[in-house]
Amino acid sequence: ERSEERHDEL
Amino acid sequence: MNIFRLTGDLSHLAAIIILLLKIWKTRSCAGISGKSQVLFALVFTTRYLDLLTSFISLYNTTMKIIYIGCAYATVYLIYMKFKATYDGNHDTFRVEFLVVPVGGLAFLVNHDFSPLEILWTFSIYLESVAILPQLFMISKTGEAETITTHYLFFLGLYRALYLINWIWRFYFEGFFDMIAIVAGVVQTILYCDFFYLYVTKGESGSNKINPA
């Protein structure tokens, strides 16, 4: 389960 | 950020600008699939909603705004301003056969069952097939203007560079996103046939490619 890590790519 | 991702983003930006300028300068969208451009506008809209919720960097925010702006400007030019030059008879790909399965898959396979994450996943899956109406249109008309082939080349190159970026990030940062990687591989594979024609026809200098 991924953390609420944001998507940092375009 | 690494050189592959930066080059990829610049290649993507180049493709978007090339297309927008081509339509604007020639005041014509002949040979361009409006359906693909609508799908790209949908891809950016669903992927960049986080513009409203999180700030990552000035670069990230600026590029997202440019992408969304250019995408909608291109759709506007095709369906409104230069509507008379839109070749609807050849732009006949059934996009519902893309949007519906992609929408369903986004609900089934995602990292997190939250609205933003499902929309992001939908956007990633949709982008991998969004070029199909354009490639289909070229196969129907049997030719593509040189500038359109440059647009497709940079558009295909951008995700290929992202694949290298993901190898780089896995090796150096231990980061990988299976959903983005699988969709990116599918997306890049769809361009392979075109890349072959672009390189072989490009050498012969013929100003039109004739996909099989």
Quick check: is even one residue across region B:103-121 of a type in the set (A, V, I, L, M) and closer than 22 Å to B:LEU152 by Cα?
no
Just to verify a result, which residue in region B:34-69, among those that are in contact with a Phe, Trp or Tyr (Cβ under 7 Å, 6 or more places away or on another chain) and of a type in the set (Gly, Ala, Ser), is farthest from B:PRO115 (Cα to Cα)?
B:GLY34
Single residue of region B:163-204 satisfying the filter (over 17 Å from the mean Cα position of the chain (by Cα) and charged (D, E, K, R)) that is nearest to B:LEU126 (Cα to Cα):
B:ASP177
Limited to region B:169-182, what total is found for residues that are among the hydrophobic types (A, V, I, L, M, F, W, C) and within 12 Å of chain A (Cβ to nearest Cβ)?
6
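For B:PHE122, indicate whether it is farther than 20 Å from B:LEU42 by Cα and under 15 Å from the mean Cα position of the chain (by Cα).
No, not satisfied.
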Go through region B:84-111 and count every residue that is in contact with a Lys or Arg (Cβ under 8 Å, 6 or more places away or on another chain) and either within 17 Å of B:VAL182 (Cβ to Cβ) or at pLDDT below 95 (or both).
1
Index of the failed condition, B:TYR158 passing every other in (1) within 14 Å of another protein chain (Cβ to nearest Cβ); (2) farther than 17 Å from B:ILE18 by Cα:
(2)
Which pairs turn up if I take residues in region B:45-66 that are at the interface with chain A (Cβ under 9 Å from one of its Cβ atoms) and loosely packed, with under 15 Cβ neighbours inside 10 Å and look for partners that are in a helix (DSSP H, G or I) and not β-branched (Val, Ile, Thr) with beta carbon separation below 6 Å, at least 6 apart in sequence or on another chain?
none
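Each row is one residue, and each column tells you yes or no for (1) touching a Leu at 6+ places or on another chain (Cβ under 8 Å); (2) of a type in the set (Gly, Ala, Ser); (3) within 14 Å of another protein chain (Cβ to nearest Cβ); (4) more than 20 Å from B:ILE16 (Cβ to Cβ).
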position	(1), (2), (3), (4)
B:GLY103	no, yes, no, yes
B:PRO115	no, no, yes, yes
B:ILE118	no, no, yes, yes
B:SER139	no, yes, no, yes
B:GLY184	yes, yes, yes, no
Residues of region B:99-124 satisfying the condition of being of a type in the set (A, V, I, L, M, F, W, C) and crowded, with 20+ Cβ neighbours inside 10 Å
B:VAL102, B:ALA106, B:TRP120, B:PHE122, B:ILE124
Check on B:GLU127, closer than 17 Å to B:THR46 by Cβ, charged (D, E, K, R) and crowded, with 18+ Cβ neighbours inside 10 Å:
yes
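Could you count how many residues in region B:1-23 are surrounded by 16 or more Cβ atoms within 10 Å (Cβ to Cβ), among the polar types (S, T, N, Q) and more than 12 Å from the chain's Cα centre (by Cα)? Explain how you work it out, then say what you get.
So in region B:1-23, the residues surrounded by 16 or more Cβ atoms within 10 Å (Cβ to Cβ) come out as B:4-5, B:7-9, B:11-16, B:18-20, B:22-23.
The next check asks that each one be among the polar types (S, T, N, Q); those that pass are B:7, B:11.
From the residues that got through so far, the ones that are more than 12 Å from the chain's Cα centre (by Cα) too are B:7.
Selection size over region B:1-23: 1.
The values are calculated or read from the model by the stated rules, or taken from the named source; none is laboratory data. Since we're looking at a predicted model, the values are computed, not measured. Counting neighbours? That spans all protein chains shown, and the Cβs are built from the backbone with ideal geometry, glycine included.
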